[in-house]
Protein chains: 2
Amino acid sequence: MSLIVTGAVCIDTITTPSSTAENLLGGSGIYFPAAASFFTQPRVLAAVGDDFPDDFLATFDHFNIDRRGLEIRKGSKTFRWHGKYHENMNGRDTVGIELNVLLEEPPALPDFYADSKVVFLAVDRPSNQLNLLNAVPDSTLTVMDTIDLYINQNRDELLEVIRKVDGLIINDSEAHALTGHRNPIVAAAELEKLGPAFIIIKKGEHGVVMKHRDGWAALPAYPADKVVDPTGAGDSFAGAMMGYLTETGDTSLIGLRKALAYGTVTASFNIEDFSLNRMKTLTRDNIDKRLAHFTQIVSI
Amino acid sequence: MSLIVTGAVCIDTITTPSSTAENLLGGSGIYFPAAASFFTQPRVLAAVGDDFPDDFLATFDHFNIDRRGLEIRKGSKTFRWHGKYHENMNGRDTVGIELNVLLEEPPALPDFYADSKVVFLAVDRPSNQLNLLNAVPDSTLTVMDTIDLYINQNRDELLEVIRKVDGLIINDSEAHALTGHRNPIVAAAELEKLGPAFIIIKKGEHGVVMKHRDGWAALPAYPADKVVDPTGAGDSFAGAMMGYLTETGDTSLIGLRKALAYGTVTASFNIEDFSLNRMKTLTRDNIDKRLAHFTQIVSI
């Protein structure tokens, strides 16, 4: 099975309460496939400008990501984002954004990716997500993410995409915005009625809850005493989860529970350093060992 | 083994976003032993006024609580509290409080309770907690709770009590106030250095995390779609946890993990109705069935 992710690749500046780091590789288009790479060889569909540094391309290669779908556009500039975290490291504000290449036509799916079986639609305009979904008619598992912007501005289009995917993964405030229900348990049950077989609600440092066609799952976050940079936690969570589902093909409730756990522990590594720095040092064995520890921590 | 709890017994008025309920039985002195009663016969040490209604005494008897230590003081008035929940049902404000009997001398430990082996010091002035601790020299397990008021106003006395108990159970904002660390994982590790064998940090709807001498535990809350009144969630959590520990005598990391799970599911029943209304309809079998379901939900 082949996993494809469409997402934004970004040059980030990150300010935390203790420091600022500039010109970092970021965006769902790298955090997701990097995390997925411990389970499968992921494909990426994204566009960057000709200002995109060579050593960022080398990071894609480090993770053995199939980057034939990473379009480097002559004369365009890469998407840039500057985020600043609040003192509690949970909330964050966007202090600067240059959409650049994201304002242009989205990259079309190359023919050699048309046989992709597992599709992850990272945050994007719902119309782009829908186009991509239609371009991979033989897909067997499709999962999407979204953000408040599209919930507020493109609600009808967004609901059309949600009706067509197998899984939806959003955070608790987005679930509230989408359903009007503050209780994520109620929100997840409402969203399931739209069609997806599973609804995953991310709660940041408080873990994750899932309504699956066959029942519930809930996990706390891995107890992390070192949080350097939470950027990419959600995307690395989704990447490891989808990578594991691609590896196993098991989307039963039990299969999904294990996928959520892999997502949890992989994300817990990611936040230990800026950008992909911690993930670059990881092996599958590191992830499996932490999963075994996490399994003990949540055992009853 | 015999479990004793010292706590306040209260006449509550509770305002939620959808309704107000008046003259409810409440306080740690009933929520805790009611939850513990599914595992052991708990003893209670508390004082109320002669305005305390007979049907509230009948509730103690419903749960088969040993209430020989519940002092009914002639001429005194029972502690009254009016709490109002925020729209998200997490935060709450005190909109009215009459301390009444709590301003008088605390009840002394009767001789027939001096052989208590398991002691839970619910929220109280640290000096009262310390006196009680000294009055049960043969205790084998001592656990305490506290609140911001005593963290801010009686810090040194409070630290003295913490150094003497086996376990501390507080919520995440109290852990922050006590240690200066916002990350509950870091706060728990710091608090453990003061002496207790285990530090339990409650995170309300986000579950619980524990640092035990031998390792970590973390559990999400039970996925609850019906939250009528969160009052007493923390006390019923602690009551079931301590009741189970009294039943088994197992304070190992594995024993504590199961105790946390019993606390979680018992509290999840309690919030389904006002006061003790839901707990009054419960059986141990109901609790065990929900525990089995919860065990599946968090399984990896």
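The values are calculated or read from the model by the stated rules, or taken from the named source; none is laboratory data. Keep in mind the model is a prediction, meaning the values are calculated, not measured. Positions of Cβ are backbone-derived with ideal geometry, glycine not excepted, and every protein chain shown enters the neighbour counts. Heavy atoms of the whole protein, side chains included, go into the accessibility calculation; ligands, DNA and RNA do not. Shrake-Rupley method; radii C 1.70, N 1.55, O 1.52, S 1.80 Å.
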- When DSSP beta bridges are limited to those with both residues in segment A:1-117, what percentage is antiparallel, rounded to the nearest 5? 45 percent
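Might you report the magnitude of the Cβ-based charge dipole of the protein assembly as shown about its Cα centre, with Lys and Arg at +1 and Asp and Glu at -1, to the nearest 20 debye? Please list the in-between numbers first.
Numbers: 56 positive and 78 negative charges, 149 e Å.
Magnitude of the dipole: close to 720 debye.
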- Spin-label model distance (nm) - A:Thr295 vs A:Ser19, 7 Å beyond Cα toward Cβ: 3.5 nm
- Query: Anyone know which of A:Gln129, A:Gln153, A:Gln41 comes out most mobile in the 10 Å Cα GNM of chain A?
  - Reply: A:Gln153
- Query: Dipole of the protein assembly as shown (Lys/Arg Cβ +1, Asp/Glu Cβ -1, origin at the Cα centre): which of A:Ala108, B:Pro137, B:Leu121 lies farthest to the positive side?
  - Reply: B:Pro137
- Out of residues 5 or more away from B:Ser2 or on other chains, whose amide H comes under 5 Å of its own, with H placed 1.01 Å from N in the peptide plane? B:Lys117, B:Val118
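Just the number please: accessible area per residue for chain A, 1.4 Å probe, all protein chains included, in Å².
On the way: 11770 Å² over 300 residues.
Per residue, chain A has 39 Å² of solvent-accessible surface.
Over segment A:186-300, calculate the relative contact order: mean separation of alpha carbon pairs under 8 Å at least 6 apart, over the residue count, as a percent. Before the final figure, lay out the partial values.
Values: 150 pairs, mean separation 25.1, N = 115.
After rounding, I find 22 percent.
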- Task: State, to one decimal in nm and shortest first, how far the label point of A:Gln296 sits from each corresponding label point in the other identical copies (label point: 7 angstrom along Cα-to-Cβ).
- Result: 2.8
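Nothing charged except the Cβ atoms of Lys and Arg (+1) and of Asp and Glu (-1): what's the magnitude of the dipole of segment A:166-286 about its Cα centre? Round to the nearest 20 debye. Could the numbers behind the result be given before it?
Working: 12 positive and 15 negative charges, 32 e Å.
It comes to approximately 160 debye.
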- Quick one: Karplus J couplings for segment A:170-176, per residue in order, coefficients 6.51, -1.76, 1.60, θ = phi - 60°, nearest Hz, x for Gly and Pro? 9, 8, 5, 6, 5, 4, 5
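State, as an integer percentage, the relative contact order of chain A based on alpha-carbon contacts under 8 Å between residues 6 or more apart.
The normalised contact order for chain A reaches 18 percent.
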- Note on the structure: Note: A:286-298 gets an average of partner chain Cβ contacts (10 Å, Cβ to Cβ) equal to 3
- Under a 1.4 angstrom probe, counting protein chains only, how are B:Ile4, B:Ile271 ranked by accessible area, largest first? B:Ile271, B:Ile4
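Which value, in square angstrom to the nearest 100, describes the accessible area buried between chains A and B on both sides, using a 1.4 angstrom probe? Don't skip to the answer; put the middle values down first.
Values: alone 13060 and 13030 Å², together 23520 Å².
Buried area (both sides, nearest 100 Å²): 2600 Å².
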- Karplus 3J(HN,Hα) series, Hz, for segment B:78-92 with 6.51 cos²θ - 1.76 cosθ + 1.60 (x for Gly, Pro): 5, 4, 10, 9, 10, x, 10, 7, 6, 4, 7, 6, 8, x, 8
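Expressed in whole Å with the largest first, what are the equivalent ellipsoid semi-axes of the protein assembly as shown derived from the C-alpha gyration tensor as the square root of 5 times each eigenvalue? Working shown, then result.
Working: eigenvalues 499, 108, 90 Å².
With the √(5λ) rule applied to the protein assembly as shown, the semi-axes are 50, 23, 21 Å.
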- Note on the structure: Here the whole-number average of other chain Cβ atoms within 10 Å per Cβ of A:254-266 is 1
- The long-range amide H neighbours of B:Ala8, using H built 1.01 Å from N in the peptide plane and a cut-off of under 5 Å, are B:Ser28, B:Gly29
- Message: Less than 21 Å apart at the alpha-carbon level, and either on another chain or at least 8 residues along: which lysines does that give for A:Lys117?
- Response: A:Lys164, A:Lys258
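Within 10 Å of each Cβ in peptide A:182-189, how many partner chain Cβ atoms are there on average? Round it to a whole number, please. Each step should come with its number before you reach the end.
On the way: counts 6, 8, 3, 8, 5, 1, 2, 2.
That works out to 4 on average.
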- Task: Calculate one ³J(HN,Hα) per residue across segment B:16-29 by plugging θ = phi - 60° into the Karplus curve 6.51 cos²θ - 1.76 cosθ + 1.60, and present them in order as whole Hz with x for glycine and proline.
- Result: 10, x, 9, 6, 10, 10, 10, 6, 9, 6, x, x, 4, x
- With all pairs of different alpha carbon atoms counted, what Kirkwood hydrodynamic radius in Å does chain B show? 19.1 Å
